[in-house]
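Only one structure is covered here, and it is reproduced in the block below.
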Amino acid sequence: MAAPPRLVRCLVATVALGLSIHLPGRVLREAFAATPVAVRSLHISTSGAIGQEMAPRGIALGAQRSRTARRAADTSALLDFTDKVVLVTGASRGIGAAIADKFAAAGATVIGTATSDSGAEAISARYTGDLKGEGMKLDVVSQDEVTALVKAVIAKYGGVDVLVNNAGITKDTLMLRMKEEAWTSVIDTNLNSIYRMSHAVLKGMTKKRFGRIISISSVVGSMGNAGQANYAAAKAGMEGFTRALAREVASRGITVNSVAPGFIDSDMTAVLKDEWKAKLLESVPVGRLGQPSEIADAVLFLAAPASGYITGQSLHVNGGMYM
């Protein structure tokens, strides 16, 4: 019995739309015979053992390849930052460099900051060919420098779509030995700077009704660490800031989140003695240090348009050492 004309027309329309349907083998065989050759690269699968035997092998393979290609394209689009301008503080090395470079690889125009002219020049040198971006000198402690840099970025690139607050310092010592300068400099660099940077970009994000503010916190902000009262206070304050600001700007299409790394392979951990490193890893269930690229992956996830329903959160990336 010939396939009904309506079914044939349905198959043609289905293929044109790139959809998938499931048909019994007998129906598939009859419909396929009546379907124009031009549309036989079908996204059709059969149901039942008989159907699998009857179906032309090219149909099943074509459908599988098409679905795989569509999934790959959809996944790639999730982290496509083409036409987005991303500002990353502290981008000369370590986590900041990994974040900046991953955004550039995803199509963004990246402005990475460093505290020296040579550091800024080194950042600029990383962005050649298809990679777009530049390095700029910035001291995040200086309100004047922050204001001037953001104005320059707006003038040249049209605004900031994603701000990553990564710049930070440590001045570790036990509280009994801590001088006030060690306290205030860490608080000013690690906490007060995210106020300065966020305040500077918010007006532009509000006008666009889109923005992502992501701050790099630390597991220490949640669990504490001896000898780091200043650092822990700054990072805990950062997470409170994140939740409060998220409530203020959510209605404007702006999300505010933080990423809290655990022990990450870095210049600091590279100098640790093997026995110290082994002791440190006893507290990490996955049994290894994290990589800067893994923090960058978390940041890109939160920055993506598809993450617009996530705000006011601290994403812990620590191998399970804090749950």
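Just so you know, all these numbers are worked out from the coordinates, no wet-lab data involved. If you're wondering where the values come from, they're calculated on a predicted model, not measured in any experiment. Positions of Cβ are generated from backbone atoms using ideal geometry, with glycine treated the same way; all protein chains shown enter the neighbour counts.
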Length added when fully stretched, VAL286-ALA152, from 0.36 nm per residue minus Cα-Cα: 43.9 nm
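Counting Lys and Arg as +1 and Asp and Glu as -1, what is the net charge of the other residues whose Cβ lies under 15 Å from the Cβ of VAL220?
Values: positive: LYS171, LYS235; negative: ASP172, GLU239.
In short, 0.
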Relative packing of 223-230, 306-313, 104-111, which averages over residues the other C-beta atoms within 10 Å, highest first: 104-111, 223-230, 306-313
Karplus-derived HN-Hα couplings along region 118-135 (A = 6.51, B = -1.76, C = 1.60, θ = phi - 60°), whole Hz, x at Gly and Pro: 5, x, 5, 5, 5, 5, 4, 5, 6, 9, 10, x, 7, 7, 10, x, 7, x
Virtual spin-label span in nm between ASP265 and ALA105, 7 Å along Cα→Cβ: 1.4
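Give me the net charge for the shell around LYS207: Cβ to Cβ below 14 angstrom, other residues only, Lys and Arg +1, Asp and Glu -1.
Once positives and negatives cancel, what remains is +3.
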Cα gyration tensor of region 95-137 - equivalent ellipsoid semi-axes, whole Å, descending: 16, 11, 7
Spin-label pair GLU180/ARG243, simplified geometry with 7 Å Cα→Cβ offset, distance in nm: 3.1
Estimated inter-spin distance, SER293 and LYS207, nm [label 7 Å along Cα→Cβ]: 3.8
Hull shadow area, averaged, region 79-317 [alpha-carbon convex hull, nm²]: 13.1
Positive-end residue of VAL220, MET175, ASN165, charge dipole of region 157-235 with Cβ unit charges: ASN165
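When the chain is fully extended, how far beyond the present Cα-Cα distance does LEU272 get from ASP172, taking 0.36 nm per residue of separation?
Taking 0.36 nm per residue and subtracting the Cα distance, the gain is 34.5 nm.
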Euclidean distance of C-alpha centroids, region 86-154 and region 181-253, integer Å: 19
Listed peptides 88-100, 173-185 by packing density, highest first (mean Cβ within 10 Å): 88-100, 173-185
Integer Hz, Karplus 6.51/-1.76/1.60 couplings in order for region 247-262, x for Gly and Pro: 5, 6, 10, 4, 5, 9, x, 10, 10, 10, 9, 9, 10, 10, x, x
Length gained when the stretch SER118-TYR322 is fully extended (0.36 nm per residue, less Cα-Cα span): 69.7 nm
Percentage of interatomic Cα-Cα distances in region 253-313 larger than 14 Å: 63
By average C-beta atoms within 10 angstrom, highest first, the peptides 143-150, 207-214: 207-214, 143-150
Size descriptor, Kirkwood hydrodynamic radius, that averages inverse alpha-carbon separations across region 125-267, Å: 16.4
Global size of region 198-285 as Cα Rg and Dmax, reported in angstrom: 16.9, 53
5 angstrom amide H check on SER314, placed H, neighbours 5+ away: SER258
Subset of LYS102/LYS137; LYS84/LYS156; LYS151/LYS208; LYS171/LYS277; LYS102/LYS273; LYS132/LYS171 violating a 23 Å alpha-carbon distance limit: LYS102/LYS273; LYS132/LYS171
Rounded FRET efficiency, nearest 0.05, which uses the C-beta distance separating SER307 from ASP188 and R0 of 35 Å: 0.70
Relative intensity, log₁₀ I(q)/I(0), of region 149-188 from a Debye sum that treats every alpha carbon as a point, q = 0.26 Å⁻¹: -0.86
FRET efficiency, 1/(1 + (r/R0)^6) with R0 41 Å, evaluated for ALA226 and GLU145 via beta carbons: 0.75
Local electrostatic count at VAL141 - Lys and Arg +1, Asp and Glu -1, tallied over other residues with Cβ under 10 Å: -2
Residue-wise HN-Hα coupling along region 235-243, computed from phi with Karplus coefficients 6.51, -1.76, 1.60 (Hz; x: Gly, Pro): 6, 5, x, 4, 6, x, 4, 4, 5
